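Derivation of every value follows stated rules applied to the coordinates shown; laboratory data play no part. In this text the structure is predicted, and so the values were computed from the model without any measurement. Note that we place each Cβ from the backbone using ideal geometry, even for glycine, and neighbour counts take in every protein chain shown.
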Amino acid sequence: MKIPIEESAFSRNDRTADELRAKFARHGVAVVNLMSSPGSGKTSLLERTTGALGGELRMAAIEGDPQTDRDAQRLNAAGLRAVQIVTVGGCHLDSEQVADALGEFDLDQLDLLFIENVGNLLCPAAFDLGETADVIVFSTTEGHDKPGKYPEMFVLADLVVVNKMDLAEAADFDEAAFEADVRRINGDVPIVKVSCKTGDGVDGWADWLRELVRTTKDGA
């Protein structure tokens, strides 16, 4: 008797992700997968990014949320072309959703594409989206112990952005303990500290993005 074996969702996702990665490379587009807990400030960071790099780099964003298009509305109002994916309760984006959303963009007119994943420190880590780099956005109000509790997300990170530094003292955020945990999990991963409220530190984030775009285009 033959037992049918269903193709895993991960296999389908990974195959589509590989196709996306090749497509992005052909067009020389750097793609950043932004992951975080809800409320860490991903959308606020992209608003600040638009102000810092909007006149220099051609940028766009794909927004993932369980409901509403509020984040896409915010980014479009800030001058960053954004398309919303509503996951209807889904806790992450997958590569097929990203592939469908790409129909809204002309990749030849982009240098940098952000994928703002669904706010969640678990599920997004399991799904490759064909991105160039994975960035974890973390806020001081979440507590300095979270890297140890959610290591899979931090293992993936090419950059860790610590937001809400203006609230670090009030939140009793132990920077040394946080960084020690991150280093234990992911060696020398860069850590950039910012405040999206005040704009402090955003220049360091912008410099990192410039370098990512440069190396991506050099490799195209």
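The GluC sites (Glu not before Pro) of segment 106-172 that meet both conditions, a loop assignment by DSSP and at most 10 other Cβ atoms within 10 Å of the site Cβ, are 169.
Take the Cβ-Cβ distance between residue 12 and residue 87 as r, set R0 to 22 Å, and report the resulting FRET efficiency rounded to the nearest 0.05.
With a Förster radius of 22 Å, E is 0.85.
Translational diffusion of segment 27-219, estimated by Stokes-Einstein from the Kirkwood radius over alpha carbon pairs at 4 °C in a medium of 1.567 mPa s, is 78 µm² per second. Taking a cut-off of 19 Å, what percent of all Cα-Cα pairs in segment 141-220 are separated by more than that? Every Cα pair in segment 141-220 considered, those over 19 Å come to 44 percent. With neighbour counts taken as other beta-carbon atoms within 10 Å, the residues 58, 184 rank, fewest first, as 184, 58.
Can you list the DSSP H helices in the chain whose Cα atoms extend at least 24 Å along the helix axis and whose mean Kyte-Doolittle hydropathy is -1.0 or higher? TM-like helix candidates: 202-219.
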